[in-house]
Every structure is written in structure tokens, then in C-alpha cells.
Amino acid sequence: LLQNPVETRAANLLLVAAAKEYYDWKDNDLVLISTVGFPTTTSSVVQNRLTPRFVDIEMDSLNWNMEQVEKTLRQESIKAIFVSPVLGNPPDMDRLTRICQETGTVLLLDNCDSILSSWNGRYLNEYAAISSCSLYVAHEITTLEGGMVSSDNPRLIDLARSYGTW
């Protein structure tokens, strides 16, 4: 857990920076993002010199079209999927995790709008390599402002903490 709270946008920025270094991604590598999400998710990818690759949603669930996600991951060289569940409404995390494992894609989580959301009895951040959380006043847990980065990988947290102290 990154102990020093940072602004929400900065939490996503640190998350992507840490993942980029840890997984040795190169500038312009592709990160899959939903067309329905937050500017802070996309801008963190762009600011880290990665390229967002958008996948559309299904109107009935407002979540990713999983057929498009699977097809894209199998046809293109995508390094990561950056999940950002709007209003805590997650996609099929079991299917997404399976697809990531089969394609060698890293699952990142912008958990800012879904900190207490779960899928099949597990919190969403348990599915991701690294996740962010907003502590902004409008969210479930608040410090009025700020955010945090979490992971069960100590090296990812060390990298995020290092970037955060810059």
C-alpha cells in the first residue's frame, strides 16, 4: 500500500508509471481502455507515453463488449487492460482475468469509483496487479482529497512510492 496519499489523478499516474517500469513496457505500447470511463484513466496512460486502445461497451450493462476485448487482445499486442468500473459496476472479472492470463496481458484497475465493489465475493483490486483508489470527497472513503495505490507486489509499490516522492 502506498502510504502517502496523493491526488486521485496522481494515483493513476503513479500506478501506470510503476507498471510501465516493472513490466518493461516501451513508449507507444498499447493499453486497452473502455470508451466509458474517466479522463484520469486515459490521461495517465498518455502521460506515461503509452497509447490508449479503446474498446466499446454493451449498452445493457455499460461494461466492455467482452467479445471485442477478447478479439482485440488476441489480434493486437496489448500490454495491459486498465479497468475503470463506472459507479462500481464491474465487467465479468473472471472472464477478464482468464483472457489476461491466456494472452499475457496485465490487468490494471482504476478502482476510484468502485473501492467496495466485488465480483464473486472478491474485491475488484484482488483481480488486478496494481490498483488505484480515490479518497476524494464524493467517494466511499474520503480524506476530502487524495488517493492511493495498492498491490500485493512489493516491487510495484516500491516503484509507485519512488515516483510519488519525486
### Residue-normalised accessible area of the stretch 34-166, expressed per residue, 1.4 Å probe, Å²
50 Å²
### Query
How big is the charge dipole of the chain about its Cα centre, in debye rounded to the nearest 20, if each Lys and Arg gets +1 on its Cβ and each Asp and Glu gets -1 on its Cβ?
380 debye
### Task
Would you mind computing Rg(Cα) / (2.2 N^0.38 Å) for the chain, counting N as its residues?
0.95
### Message
Rounded to the nearest percent, how much of the accessible area of the stretch 21-150 (1.4 Å probe, protein heavy atoms only) is carbon and sulfur?
### Response
50 percent
### Query
With every protein chain in place, what's the accessible area of Lys71 (1.4 Å probe, Å², nearest 10)?
120 Å²
### Task
Provide the percentage of antiparallel DSSP beta bridges, counting only those with both residues in the stretch 1-115; round to the nearest 5.
15 percent
## Note on the structure
Connecting every pair of Cα atoms under 10 Å apart in the chain and solving the GNM, the largest mean-square fluctuation among Val149, Val55, Val45 falls on Val55
### Shape of the stretch 10-103, Cα gyration tensor, a/c cut at 1.5
oblate
### Message
Applying a 10 Å radius around every beta-carbon, put 159-166, 83-90, 114-121 in order of their mean neighbour count, most first.
### Response
83-90, 159-166, 114-121
## Note on the structure
Ranking Phe82, Phe54, Phe38 from most to least accessible area with a 1.4 Å probe gives Phe54, Phe38, Phe82
### Message
Can you show me the helix-derived [θ] at 222 nm for the chain, built from DSSP H runs with n ≥ 4 at -39,500 (n - 2.57) apiece and divided by the number of residues, rounded to the nearest 500.
### Response
-10500 deg cm²/dmol
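The values are calculated or read from the model by the stated rules, or taken from the named source; none is laboratory data. All of these numbers come straight from a predicted model, not from anything done at the bench. Glycine also receives a Cβ, built like all others from the backbone with ideal geometry; neighbour counts cover every protein chain displayed. Please note that ligands, DNA and RNA were not included when accessible areas were found on the heavy atoms of the full protein model with its side chains. Shrake-Rupley method; radii C 1.70, N 1.55, O 1.52, S 1.80 Å.
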